[in-house]
Amino acid sequence: MSVRMRVNRSHTGNRRSHHALKEPRLSTCAKCNAQHLRHRMCPECGNYRDREVVDVVGAKAARMVRREERVKALTGHDTTEEESTEEEPKEEKKEVKAKKETKKVTKEKKEK
């Protein structure tokens, strides 16, 4: 039988010195100059080695068409981007006003 030796802190630190994570190596896309992982297609344009592997623009357009159809089926009317952008600032203003009012109320309670 052998006696188990205690490993001191310096030896543990020396062993763990190689456990650090390294940043992934990135390459630049030749078509759109976006950064992507090596040996993988560019997520921005869908090219790999100057060939189009995936039609990213077409896939995004198809997703948007499916989304609009799903929204139309659920709500019963067509929603356009113009309507949604006009309604958002009004709702945001209401939320900001409500937050300000709650802050005033809490300040008044603290002062009392």
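The values are calculated or read from the model by the stated rules, or taken from the named source; none is laboratory data. Note that the coordinates shown come from a computational prediction; the quantities given were computed from them, not determined experimentally. We place every Cβ from the backbone using ideal geometry, glycine too, and count neighbours over all the protein chains shown.
Based on this model, can you work out whether A98 counts as modelled with pLDDT of 90 or more, in a helix (DSSP H, G or I) and of a type in the set (A, V, I, L, M, F, W, C)? Full working, then the answer.
Numbers: modelled with pLDDT of 90 or more: no; in a helix (DSSP H, G or I): yes; of a type in the set (A, V, I, L, M, F, W, C): yes.
In short, no.
Scan V54, V71, V65 and give me the residue that is at pLDDT 70 or above, surrounded by 12 or more Cβ atoms within 10 Å (Cβ to Cβ) and part of a helix (DSSP H, G or I).
Just one listed residue meets the conditions, V71.
Exactly one condition in (1) at pLDDT below 70; (2) exposed (fewer than 12 other Cβ atoms within 10 Å of the Cβ); (3) in a loop (DSSP other than H, G, I, E, B) is not met by K107; state its number.
Tallying (1) at pLDDT below 70; (2) exposed (fewer than 12 other Cβ atoms within 10 Å of the Cβ); (3) in a loop (DSSP other than H, G, I, E, B), K107 fails exactly one: (3).
Any idea how many residues of segment 1-38 are in a loop (DSSP other than H, G, I, E, B) and either hydroxyl-bearing (S, T, Y) or touching a residue at least 40 places away in the same chain (Cβ under 8 Å) (or both)?
2
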